[in-house]
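**Student:** This is the structure I want to talk about, given as structure tokens.
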Amino acid sequence: MTPSRPGVLVLLVAAVAALTWVVLQQVYSSLPTVPWTAIPTVLLLAVGEAYSGYMTRARIRREPGTKPVEPLAVARLAALAKASAHVGAVCAGIFAGFVLHVLPLLDQDTPRRDFFLAGGSLVACVVLICAALFLEHCCRVPKAPDEEPHP
């Protein structure tokens, strides 16, 4: 499995945002308002992944007071991180599409509410992507001292 590439994630966000914006041009008036529950849920996921990354990095480095980590557990965490980064990018694209669609409608109450909730959800998704990339980085095996380049 290769590490996630930030350029691919940005492209995914942009493509999904454009697609969402196009779809919302036709169906926005028939949709319910954006739920506020996405913000705390995604932020809790991000905190969990960031904490897992911090603990995994300490265990891989065998810092004092930590147990060695199972290689299969690290592989599972890396897979979780990659999946979270991609799902976070898709969700960020959806919320970005909502933000772009309701931007010209801020003088109305419902679109204004959707703007703030979708914007908060977009920020939460970006935080999730960052936490997932951090977890993915923490799952890398450190290089041996003899493998490091000499000046």
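**Student:** Got a number for the accessible area of residue 49? Probe 1.4 Å, square angstrom, nearest 10.
**Tutor:** 10 Å²
**Student:** Also, I was wondering about something else. Among 32, 142, 131, flag the residue with its Cα farthest along the positive direction of the charge dipole of the chain, charges on Cβ as +1 for Lys/Arg and -1 for Asp/Glu.
**Tutor:** About the Cα centre, the residue reaching furthest to the positive side is 142.
**Student:** Pick out, from 69, 9, 111, the residue whose Cα sits farthest towards the positive end of the charge dipole of region 1-118, with +1 on the Cβ of Lys and Arg and -1 on the Cβ of Asp and Glu.
**Tutor:** Of the listed residues, the answer is 69.
**Student:** So, for the chain, what is the accessible surface per residue at a probe of 1.4 Å, expressed in square angstrom?
**Tutor:** Numbers: 9520 Å² over 151 residues.
Roughly 63 Å² per residue, with all protein chains present.
**Student:** Of all the accessible heavy-atom surface of region 46-107, with the other protein chains kept in place and a 1.4 Å probe, what percent is carbon and sulfur?
**Tutor:** 67 percent
**Student:** GNM, the chain, Cα, under 10 Å: largest mean-square fluctuation among 135, 117, 72?
**Tutor:** Top of the fluctuation ranking is 72.
**Student:** With +1 on the Cβ of every Lys and Arg and -1 on the Cβ of every Asp and Glu, and nothing else charged, how large is the dipole of the chain about its Cα centre, in debye rounded to the nearest 20?
**Tutor:** Values: 12 positive and 10 negative charges, 73 e Å.
The calculated dipole for the chain is roughly 340 debye.
**Student:** Among 78-86, 126-134, 36-44, 60-68, what's the highest-first ranking by average C-beta atoms within 10 angstrom per residue?
**Tutor:** On the way: 78-86: 18.9, 126-134: 22.4, 36-44: 16.1, 60-68: 9.8.
Averaged packing, sorted descending, gives the order 126-134, 78-86, 36-44, 60-68.
**Student:** Using only Cα atoms, what is the ratio of the radius of gyration of region 49-151 to 2.2 N^0.38 Å? Each step should come with its number before you reach the end.
**Tutor:** Working: Rg = 19.4 Å, N = 103, 2.2 N^0.38 = 12.8 Å.
So the Cα radius of gyration is 1.51 times the expected 2.2 N^0.38 Å.
**Student:** To continue, here is another question. How would 52, 121, 30 line up by accessible area, probe 1.4 Å, largest first?
**Tutor:** Values: 52 40, 121 0, 30 90 Å².
The most accessible residue leads, giving 30, 52, 121.
**Student:** Based on the alpha-carbon gyration tensor of region 1-64 and its eigenvalue square roots a ≥ b ≥ c, which shape applies: rounded if a/c is under 1.5, prolate if not and a/b is larger than b/c, or oblate? Walk me through the numbers before you get to the answer.
**Tutor:** Numbers: a/c = 6.64, a/b = 1.95, b/c = 3.41.
Oblate shape, in that a/c is at least 1.5 and b/c is the bigger or equal ratio.
**Student:** What are the ³J(HN,Hα) values, in whole Hz, obtained from phi via the Karplus relation 6.51 cos²θ - 1.76 cosθ + 1.60 with θ = phi - 60°, for each residue of region 102-111 in sequence order, with x given for Gly and Pro?
**Tutor:** 8, 3, x, 10, 5, 7, 9, 5, 5, x
**Student:** Treating only the Cβ of Lys, Arg, Asp and Glu as charged (+1, +1, -1, -1), what charge dipole size does region 51-129 show about its Cα centre? Round to the nearest 20 debye.
**Tutor:** Values: 9 positive and 5 negative charges, 125 e Å.
Computed about the Cα centre, the dipole is about 600 debye.
The values are calculated or read from the model by the stated rules, or taken from the named source; none is laboratory data. Every value quoted in this text rests on a predicted model; they were computed, and no experiment measured them. FYI the Cβ positions are ideal-geometry reconstructions off the backbone, even for glycines, and counts take in every protein chain you see. SASA here: full protein model, heavy atoms, side chains in, ligands and nucleic acids out. Shrake-Rupley method; radii C 1.70, N 1.55, O 1.52, S 1.80 Å.
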